[in-house]
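Read the structure below first, then the notes.
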2 protein chains.
Amino acid sequence: MATIEDVAKAAGVSASTVSYVLSGKRSISAPTRRRVEQAIATLGYRPHAGARALASSRTNVIGLMAPLRSGVDVSVVMQFVTGVVTRARDVDHDVLLLTQDDSGGLERVAAGSMVDAIIVMDVEADDPRLPVLRSLRQPTVLIGLPHDPAGLSCVDLDFEAAGRLGAGRLAQDGHREVALIGSPPEVMDRHTSYADRVVRGFRQACADQGLRHDVVHCVPTPDGARAAVDAVLDAAPGTTGLVVHNERALPHVLARLAERGHDVPAEVAVVAICPTDVALAQRIPLTSIDIPGEHIGGVAVDMVMARLEGDRPAETRLIAPELTPRASTAARGA
Amino acid sequence: MATIEDVAKAAGVSASTVSYVLSGKRSISAPTRRRVEQAIATLGYRPHAGARALASSRTNVIGLMAPLRSGVDVSVVMQFVTGVVTRARDVDHDVLLLTQDDSGGLERVAAGSMVDAIIVMDVEADDPRLPVLRSLRQPTVLIGLPHDPAGLSCVDLDFEAAGRLGAGRLAQDGHREVALIGSPPEVMDRHTSYADRVVRGFRQACADQGLRHDVVHCVPTPDGARAAVDAVLDAAPGTTGLVVHNERALPHVLARLAERGHDVPAEVAVVAICPTDVALAQRIPLTSIDIPGEHIGGVAVDMVMARLEGDRPAETRLIAPELTPRASTAARGA
DNA sequence: CGAACCTGTCGAAGCGCTTCGACGGGAGTA
DNA sequence: TACTCCCGTCGAAGCGCTTCGACAGGTTCG
């Protein structure tokens with residue numbers, strides 16, 4: 001492996017000059033720059049990441065803690081990850097992948113100076129990692145919204161607004177009895193922030209609009225969906241509108257509705273909160289509120305970089321939800 | 001941040017002694033070791049990863065190139081990733097995540113000494129990355145099997161055997177006309193290695209057993225599945241057995257079969273090649289050949305570590321497929 | 001016409017760690 | 001008793017880079 005010294009020799013300059021050519025932190029005359037670049041190209045020189053990190057205390061690596069575990073919708077997770085990695089590459093950074101259950105992982109990579117910054121997904125309302133994160137030298141961005149975000153940057157879809165939007169749309173379409181089929185119990189039990197927030201928004205909008213409503217959670221299996229749908233429709237047979245916030249249960253919920261003979265949208269309207277591609281992959285294209293995972297992941301990177309450059313304070317950004325009407329809803333009556 | 005020097009001072013020893021305590025590369029007396037460990041604990045010392053990498057030319061990081069792109073079944077990818085990350089942590093390594101379309105990513109992280117080794121997923125038959133990989137200083141393991149694996153280690157499910165196993169099972173159950181519903185066209189067009197191999201194995205077993213057979217590819221949408229199922233059953237109405245190697249199309253294929261009034265397994269038997277959890281999440285539990293993603297990911301790490309330690313030659317390991325009978329198949333006639 | 005200022009380059013220090021060779025002292029051997 | 005050997009520890013070199021201060025030479029301006 002060629003070193004900066006080799007390049008310097010080949011170009012007839014000092015190592016520091018090569019370094020300045022690379023970093024642009026001091027002006028270099030055009031001819032010199034050209035010679036150096038030439039030497040770099042012919043030698044195939046790449047700066048040694050470790051040496052660079054040691055000297056500059058910058059690794060150009062972002063740590064990403066992702067939930068590679070059950071109960072979480074994989075395709076949503078993937079989109080977030082993709083967004084983070086893609087945007088990180090745009091700003092010349094790489095991504096080190098940490099898993100949720102790697103307790104101590106945050107501490108390890110942060111204290112060991114393996115990363116410049118950290119992004120954490122799937123945050124719970126009272127996430128046990130928060131104190132750790134606050135204690136780190138590196139800036140952190142949460143994807144999700146804990147109860148007390150003090151000192152930490154957060155970004156997420158405004159799930160509360162999404163819950164409201166879903167219920168609001170149903171109300172507007174003329175439904176009077178509605179229900180939310182929510183995240184799996186294991187997700188709710190952890191008080192994962194987005195799950196709680198959807199419920200809150202949904203309830204609130206229903207109250208505001210005077211809708212009779214119900215909230216059930218749903219194990220994302222055929223049986224789980226059957227149980228959830230039956231619970232809702234048996235308890236309140238007048239229910240005509242459903243908000244579903246459970247990507248994996250979606251197909252089974254629709255199947256159960258069909259099985260029971262409820263036509264969608266004629267007899268039961270469905271609004272899904274899920275990535276658009278999931279909404280489109282169902283038996284009929286669903287009216288949905290998109291979870292723009294890639295976008296949010298990208299924003300997380302931007303936020304973390306902003307804090308890395310300027311010493312900005314922490315901020316919270318909630319992305320406004322948007323509802324796209326498709327075949328699973330229709331205005332009622334006339 | 002405490003440095004090794006701080007620890008040394010606190011423990012009343014030299015820095016090199018601390019280093020030897022940490023690495024275990026020389027023997028240290030029990031009392032000294034204890035004092036050093038004590039100092040490390042009280043100071044919360046963590047070695048600086050960059051400094052360590054610089055001095056030892058070992059980063060304890062594995063690069064993982066994963067396909068965060070369309071056409072690939074996310075949940076399978078996730079399982080591989082989980083397997084890699086989990087096993088990597090077991091052997092005290094971290095994982096740097098690269099995406100497929102980050103051309104130059106391999107070169108960058110390898111030449112920049114960011115990683116000790118590389119694992120590449122979703123390999124195509126004539127993958128353009130192979131020459132690059134062969135030129136790297138770091139050992140590489142492919143998850144998948146290219147035409148010419150010379151010089152590179154490979155691990156994967158034996159998809160050819162899986163194709164054979166699926167067809168063989170159908171034959172054994174008494175089916176005479178069968179079909180394979182395979183990966184999406186975009187995956188086939190890339191000649192992604194596993195897709196090709198399933199087809200080959202399937203065809204071969206059908207030929208051996210004298211089964212009339214057909215192979216179609218399937219866009220993983222409701223319409224795509226409809227088209228695939230219709231194509232098969234309209235062309236050969238006597239078809240009674242299906243092997244499906246397309247995780248995302250699975251629910252739609254089953255739905256279409258139901259729609260057409262074909263009972264599973266009474267009239268059409270279905271063998272799926274997919275992760276077990278996917279097979280269990282369908283409308284009925286499917287007879288399936290598991291894709292043991294986590295396991296394979298773990299094996300990939302083991303192989304890469306083996307090459308890192310000893311200077312072993314490259315090897316190829318194919319995991320034998322196993323078929324688990326469930327509700328979607330049954331012996332025919334009697 | 002000097003003082004003050006740029007520009008472009010260099011040398012050296014230092015980032016925090018690993019590792020090699022050296023060395024003092026105690027145990028083992030002849 | 002003298003010699004060798006091993007054990008536990010230390011000091012120093014060096015990994016490859018960044019960055020600070022210095023400096024030579026050229027401009028600019030009052």
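The values are calculated or read from the model by the stated rules, or taken from the named source; none is laboratory data. Worth saying up front: this structure is predicted, and the values here are computed from it rather than measured. Backbone-built Cβ (ideal geometry, glycine too); neighbour counts: all protein chains shown.
Structure data summary
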{"quantity": "Sole residue being more than 16 Å from DNA strand D (Cβ to nearest atom), more than 13 Å from chain B (Cβ to nearest Cβ) and buried (at least 22 other Cβ atoms within 10 Å of the Cβ), chosen from A:L64, A:L106, A:L142", "calculated": "A:L142"}
{"quantity": "Residue within the stretch A:241-252 that is away from every other protein chain (no Cβ under 14 Å) and over 20 Å from A:V199 (Cα atoms) present", "calculated": "no"}
{"quantity": "Residue ID - surrounded by the most Cβ atoms within 10 Å (Cβ to Cβ), chosen from residues in the stretch A:113-139 that are assigned to a loop (DSSP other than H, G, I, E, B) and among the charged types (D, E, K, R)", "calculated": "A:D122"}
{"quantity": "Residue match in the stretch B:28-48 (condition: outside any loop (DSSP other than H, G, I, E, B), within 10 Å of DNA strand C (Cβ to nearest atom) and either away from every other protein chain (no Cβ under 13 Å) or not β-branched (V, I, T) (or both))", "calculated": "no"}
{"quantity": "Matching residues, the stretch A:252-279, being under 20 Å from B:G224 (Cα atoms) and free of Cβ contacts under 8 Å to residues at least 40 places away in the same chain", "calculated": "A:H252, A:L254, A:A255"}
{"quantity": "Single condition B:R200 does not satisfy, out of (1) surrounded by 20 or more Cβ atoms within 10 Å (Cβ to Cβ); (2) within 25 Å of B:Q79 (Cβ to Cβ); (3) in contact with a Gly (Cβ under 8 Å, 6 or more places away or on another chain)", "calculated": "(1)"}
{"quantity": "Check on A:A269, under 25 Å from B:R283 (Cβ atoms), among the small types (G, A, S) and within 14 Å of another protein chain (Cβ to nearest Cβ)", "calculated": "no"}
{"quantity": "Residue within the stretch B:324-331 that is under 14 Å from the mean Cα position of the chain (by Cα), more than 21 Å from B:A150 (Cα to Cα) and within 14 Å of another protein chain (Cβ to nearest Cβ) present", "calculated": "no"}
{"quantity": "Neighbours by Cβ (under 7 Å, 6+ apart or cross-chain): first from the stretch A:1-12, modelled with pLDDT under 95; second within 7 Å of DNA strand D (Cβ to nearest atom) and of a type in the set (A, V, I, L, M)", "calculated": "none"}
{"quantity": "Count of residues meeting criterion [part of a helix (DSSP H, G or I) and free of Cβ contacts under 8 Å to residues at least 12 places away in the same chain] in the stretch B:209-237", "calculated": "3"}
{"quantity": "Condition check for A:D92: acidic (D, E) and more than 9 Å from every other protein chain (Cβ to nearest Cβ)", "calculated": "yes"}
{"quantity": "Boolean, A:D101 is more than 7 Å from every other protein chain (Cβ to nearest Cβ), within 16 Å of DNA strand D (Cβ to nearest atom) and either over 17 Å from the mean Cα position of the chain (by Cα) or over 23 Å from A:S183 (Cβ atoms) (or both)", "calculated": "no"}
{"quantity": "Sole residue being within 26 Å of A:G144 (Cβ to Cβ) and more than 26 Å from the chain's Cα centre (by Cα), chosen from A:D223, A:D234, A:D196, A:D214", "calculated": "A:D214"}
{"quantity": "Selection from the stretch B:248-307 of residues that are part of a helix (DSSP H, G or I), among the β-branched types (V, I, T) and under 28 Å from B:L318 (Cα atoms)", "calculated": "B:T276, B:V278, B:I296, B:V299, B:V301, B:V304"}
{"quantity": "Complete set of residues in the stretch B:1-27 that are in a loop (DSSP other than H, G, I, E, B), surrounded by 14 or more Cβ atoms within 10 Å (Cβ to Cβ) and either within 7 Å of DNA strand C (Cβ to nearest atom) or within 14 Å of another protein chain (Cβ to nearest Cβ) (or both)", "calculated": "B:A2, B:T3"}
{"quantity": "Residues located in the stretch A:1-35, provided they are within 12 Å of DNA strand D (Cβ to nearest atom), among the hydroxyl-bearing types (S, T, Y) and out of contact with any helix residue (DSSP H, G or I) (no Cβ under 6 Å at 6 or more places or on another chain)", "calculated": "A:T3, A:S16, A:T17, A:S19, A:Y20, A:S23, A:S27, A:S29"}
{"quantity": "Members of the stretch A:49-64 found to be hydrophobic (A, V, I, L, M, F, W, C) and either free of Cβ contacts under 8 Å to residues at least 60 places away in the same chain or assigned to a loop (DSSP other than H, G, I, E, B) (or both), listed by number", "calculated": "A:A49, A:A51, A:L54, A:A55, A:V61, A:L64"}
{"quantity": "Odd one out for A:V155 among (1) assigned to a helix (DSSP H, G or I); (2) touching a strand residue (DSSP E or B) at 6+ places or on another chain (Cβ under 9 Å); (3) farther than 23 Å from A:C218 by Cβ; (4) not hydroxyl-bearing (S, T, Y)", "calculated": "(1)"}
{"quantity": "B:V72 more than 10 Å from DNA strand C (Cβ to nearest atom), under 15 Å from the mean Cα position of the chain (by Cα), outside any helix (DSSP H, G or I) and facing chain A (nearest Cβ under 10 Å)", "calculated": "yes"}
{"quantity": "Condition check for B:V109: closer than 26 Å to B:S328 by Cα and of a type in the set (A, V, I, L, M, F, W, C)", "calculated": "no"}
{"quantity": "Residue match in the stretch B:179-190 (condition: of a type in the set (V, I, T), in contact with a helix residue (DSSP H, G or I) (Cβ under 7 Å, 6 or more places away or on another chain) and at pLDDT 95 or above)", "calculated": "yes"}
{"quantity": "Residue in the stretch A:300-314 that is at negative phi and within 14 Å of chain B (Cβ to nearest Cβ) present", "calculated": "yes"}
